[in-house]
Amino acid sequence: MSKNVWLWNHYATGMADNKGGRHYWFAENLIKKGYKATVFCANTFHSGKEPIDLGDEK
């Protein structure tokens with residue numbers, strides 16, 4: 001049975017486009033070790049008017 005790990009980073013929106021950032025890499029390494037990792041992030045920038053399309057990526 002794998003353990004779930006939730007990573008919260010309100011400002012991790014860039015990782016949806018470029019597959020990078022410390023939370024993305026941390027989650028990727030947790031998955032390699034058998035954990036089920038999920039990164040929660042916002043879909044908006046404070047200075048932007050439109051939401052960021054994050055799609056259905058998990």
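Values in this text are rule-based calculations from the coordinates and carry no lab data. Since we're looking at a predicted model, the values are computed, not measured.
Some observations on this one:
- Vicinal HN-Hα couplings computed from phi for segment 27-39 (Karplus, 6.51 cos²θ - 1.76 cosθ + 1.60; Hz; Gly/Pro x): 4, 4, 6, 5, 4, 4, 8, x, 7, 9, 9, 10, 9
- Residues whose placed amide H lies under 5 Å from that of VAL39, excluding near-sequence neighbours: LEU7
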